[in-house]
Structure formats: C-alpha cells, structure tokens
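Peer 1: Mind looking over this structure? Questions follow.
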Amino acid sequence: MVATTKIPQRPLFIDDDWRAPALGRHLPVINPTTEASIGEIPAGTSEDVDAAVAAARAALKRNRGRDWSRVPGAVRAKYLRAIAAKVLLSCCFRAQVQQ
C-alpha cells in the first residue's frame, strides 16, 4: 500500500523568522514509488544562505557568544533531546512516505 501523506509546506527559518525564499521558488518533492508530487520545499539561494549565515554570526556576537556556553548541561540536554525527537519524527514520516 502506498502512503498518500503530503509534506507540509513551510518557508525558510532565518533569523528567528519564517520567510519565503529570496526568489520565491519551490522544488517539488516526488514520491519515488509512485512518482507523484507529495509537496514542495523552498528553493533556497545563495542570498538565503548569506542571510542565514549573517543571522547566525549576529546571534553569536550577542553576549560574546556566551549564551549557549553558560547554559547548564541539564538545560542543553533538554534542547538536544527535543531536537533528537524531531529528527526521529522526521525519520518516521519519511519511512511512512516510502511505504
């Protein structure tokens, strides 16, 4: 049985904000089993990358980059576990799409 799950359409997340790609283009996501389109992802450009890098550098300059380094290990672990949970959900979603 082929899953009909659609990939949710999301913009790029840059500088703590969701935004459309600079050129407004998207790429289709194709189910390799059925060759049907199951969604679109933003087609980021070098301009989008430059904006993301600039935002990351600005974030590191706040408090001389000490925000994360001063966070207690237990709090860092909480964030990292939350990220890991999202990665696992993503893996489950991809597995569901590939069935």
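Peer 1: Cβ under 12 Å from P21's Cβ, P21 left aside: what net charge do those residues give with Lys, Arg +1 and Asp, Glu -1?
Peer 2: Value of the local net charge: 0.
Peer 1: If you average the sequence gap of Cα pairs under 8 Å that are 6 or more apart and divide by the length of segment 12-98, what percent do you get for the contact order?
Peer 2: 24
Peer 1: Using only the Cα atoms of segment 43-85, construct the convex hull and provide its projected area averaged over every direction, in square nanometres to one decimal.
Peer 2: 4.1
Peer 1: Calculate how large, on average over all directions, the projected area of the Cα convex hull of segment 12-98 is; give the answer in nm² to one decimal.
Peer 2: 7.3
Peer 1: Which GluC sites (Glu not before Pro) in segment 18-65 pass both tests, a DSSP loop state and at most 16 other beta-carbon atoms within 10 Å?
Peer 2: Qualifying residues, ordered by number: E35.
Only the coordinates and a few stated rules stand behind these numbers; no lab work does. What you are looking at is a predicted structure, and each value in this text was computed from that prediction instead of being measured. Here Cβ is always computed from backbone atoms with ideal geometry, including for glycine, and neighbour counts include all displayed protein chains.
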